[in-house]
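The values are calculated or read from the model by the stated rules, or taken from the named source; none is laboratory data. Keep in mind that this is a model prediction, so the values were computed, not measured. Virtual Cβ from ideal backbone geometry, glycine too; neighbours counted across all protein chains shown.
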Amino acid sequence: MKRGAALLAALAITTACGTREPLADTPVIPPSRIMDFSFLYARNCAGCHGLDGKGGAAIGLGDPVYLAVADNATITRLAADGVPGTAMPAFAQHSGGMLTDDQIDVIAKGIRATGAKADALHDPDPPPYAAQSPGDPARGAAVSNGCCASCHGHLAVEELARVPSSTLRTSLSSATRTFARLS
């Protein structure tokens, strides 16, 4: 009996509240017209890249080293078209996402503005975002097994040759250039 009375009271209270209509003078902004970086980043990027851009399930987009290597065109392209074979989806409408090209530009410029540092690499010639050539898997395996394996485990030459992620390839390319300078 008490359960029925509680249910009836809850129903009466929620019915009495009614629906709330927007105020007559409150403008309704279509989603495609939202151009606030913080809002767009929080709704579309922060779930994987972290609310503060320092990373989460995916790389930190506020990482100054990443921003020194990835130019505006790269960040825009990745946000718009996603990265095939990874969890990074396409966000641009022309690629099946929900954001306009202008919104993608706001996100790309906002990412750069919040995290880029001019001297992040201390190198006037940063490596390219994506490898310019396929590289040498045997040399990559030697570098990986000599410098990376203590934390990340050993990778066979065949495994390195099949790595699909341009981010990993770039990391290996950067690491190889760095280790080559040290040796």
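Cβ-Cβ distances below 6 Å connect the following pairs, each with a first residue in the stretch 44-55 that is farther than 14 Å from L67 by Cβ, a second residue that is modelled with pLDDT of 90 or more and not small (G, A, S), and a separation of six or more residues or different chains: N44/F91.
Taking the stretch 15-35 on its own, how many of its residues are at pLDDT 60 or above and assigned to a helix (DSSP H, G or I)? Give the derivation first.
Residues of the stretch 15-35 at pLDDT 60 or above: 19-35.
Of the ones still in play, those that are also assigned to a helix (DSSP H, G or I) are 31-33.
Qualifying residue count for the region: 3.
Every listed requirement among (1) hydroxyl-bearing (S, T, Y); (2) at pLDDT 85 or above; (3) in a loop (DSSP other than H, G, I, E, B) is met by S38 save one, (3).
Please note which helices (runs of 4 or more DSSP H) are completely contained in the stretch 44-102 and include at least 3 residues that are more than 11 Å from the chain's Cα centre (by Cα) and of a type in the set (F, W, Y). Explain how you work it out, then say what you get.
Values: elements: 46-49, 64-69, 72-81.
The helices (runs of 4 or more DSSP H) meeting that bar number zero.
Yes/no per residue for (1) more than 19 Å from Q93 (Cα to Cα); (2) acidic (D, E):
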{"residue": "D25", "(1), (2)": "yes, yes"}
{"residue": "P31", "(1), (2)": "no, no"}
{"residue": "F37", "(1), (2)": "no, no"}
{"residue": "L40", "(1), (2)": "no, no"}
{"residue": "C48", "(1), (2)": "yes, no"}
{"residue": "G53", "(1), (2)": "yes, no"}
{"residue": "P64", "(1), (2)": "yes, no"}
{"residue": "I75", "(1), (2)": "no, no"}
{"residue": "L78", "(1), (2)": "no, no"}
